[in-house]
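Here's the structure we're looking at; comments come further down.
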Amino acid sequence: MAVQLWDRLAALSDSKVDHYLLYVSTVFVILTTFAYCLREFVYPSYRRWRLKKPARAYFIITSKDRFDLKYAVQDEHEHRLEVLVLPSHTNDLLLHVVLEAKFAYVQNYLEFVFEGEDGHAKPLFNYWHHPFVKTGDITRKPGEYPGHYIDYNDNYHIDGARPMVKGQWQTSAFKITTRDPGIYYLKICTPADGVDGVAEGTRGAIGLRVRVEDHPTTNMKCLEHGDVIKPQPVAC
């Protein structure tokens, strides 16, 4: 087979061989240039675009055997929500949030921000409190625990880089205080790899919605199971 191929090439004229080599060289240069542009320009731009929303965010209503939330009727299942209903003017409510990484990245820090029409009525973060921690610090208070602080706009910050892999869950939980009724958006800032990002809701929302009511009656819906979760009054 190799001898036949060599005889064929030998039978070609010099001009045809030169033409063939020129063609191969041109294709090689085009492919090399294309690969270089993909690596140096296209992929970095695409990654920066993805880093603007590196993770999906959910509220969590945990099962009743794990922790009594008081403001929701719980069952034996854990539920993911994008709309949470809370009673107004209530202290010591547990807000449980999960971030699910959409791809691998290095998270620089986290910032949790309540947004609404009236900034003086939005819920307030008190401190980080995760009752699902078995061994370790279940409570981390700003000013006492390194990297945790609340700024002048009442936004909660957690400093510290953290590598994330695709599908990895990162949970945070807070004790919060609600004030006036209204709809407030929880925006979770997730700067990563030098890009300012914001966790997206499951339906493309910038932030998850917290509905604060004087007498909670609006049902909540589980995104995973489709179950209806009823609110319940909380004794102040």
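The values are calculated or read from the model by the stated rules, or taken from the named source; none is laboratory data. Small disclaimer: the values here were computed from a predicted structure and weren't measured. Every residue, glycine as well, gets a Cβ built from its backbone with ideal geometry; the counts of neighbours run over all protein chains shown.
Observations
- Search result, residues across the stretch 99-119 that are in contact (Cβ under 8 Å) with a residue 60 or more places away in the chain, outside any strand (DSSP E or B) and not aromatic (Phe, Trp, Tyr): 102, 104, 116, 117, 118
- Scanning the stretch 194-236 for residues being among the charged types (D, E, K, R), at pLDDT 85 or above and farther than 20 Å from residue 123 by Cα gives a total of 4.
- Some residue of the stretch 61-82 being at pLDDT below 90, surrounded by fewer than 14 Cβ atoms within 10 Å (Cβ to Cβ) and of a type in the set (A, V, I, L, M, F, W, C): no
- Of all residues in the stretch 80-128 being among the β-branched types (Val, Ile, Thr) and under 22 Å from the mean Cα position of the chain (by Cα), the one that is farthest from residue 224 (Cα to Cα): 106
- Sole exception among (1) farther than 26 Å from residue 101 by Cα; (2) surrounded by 15 or more Cβ atoms within 10 Å (Cβ to Cβ); (3) of a type outside the set (D, E, K, R) for residue 218, by number: (2)
- Qualifying residue in the stretch 201-208 (condition: assigned by TED's automatic domain parsing to the domain that holds residue 113, of a type in the set (Ser, Thr, Tyr) and either over 20 Å from residue 70 (Cα atoms) or touching a helix residue (DSSP H, G or I) at 6+ places or on another chain (Cβ under 7 Å) (or both)): yes
- Tallying residues that are outside any loop (DSSP other than H, G, I, E, B) and among the small types (Gly, Ala, Ser) within the stretch 42-98 yields 4.
- Of all the listed residues (212, 234), the sole one being over 28 Å from residue 52 (Cβ atoms) and touching a Phe, Trp or Tyr at 6+ places or on another chain (Cβ under 6 Å) is 234.
- Of the candidates 45, 25, the single residue that is of a type in the set (Ser, Thr, Tyr), farther than 17 Å from residue 130 by Cα, at pLDDT below 75 and surrounded by fewer than 16 Cβ atoms within 10 Å (Cβ to Cβ) is 25.
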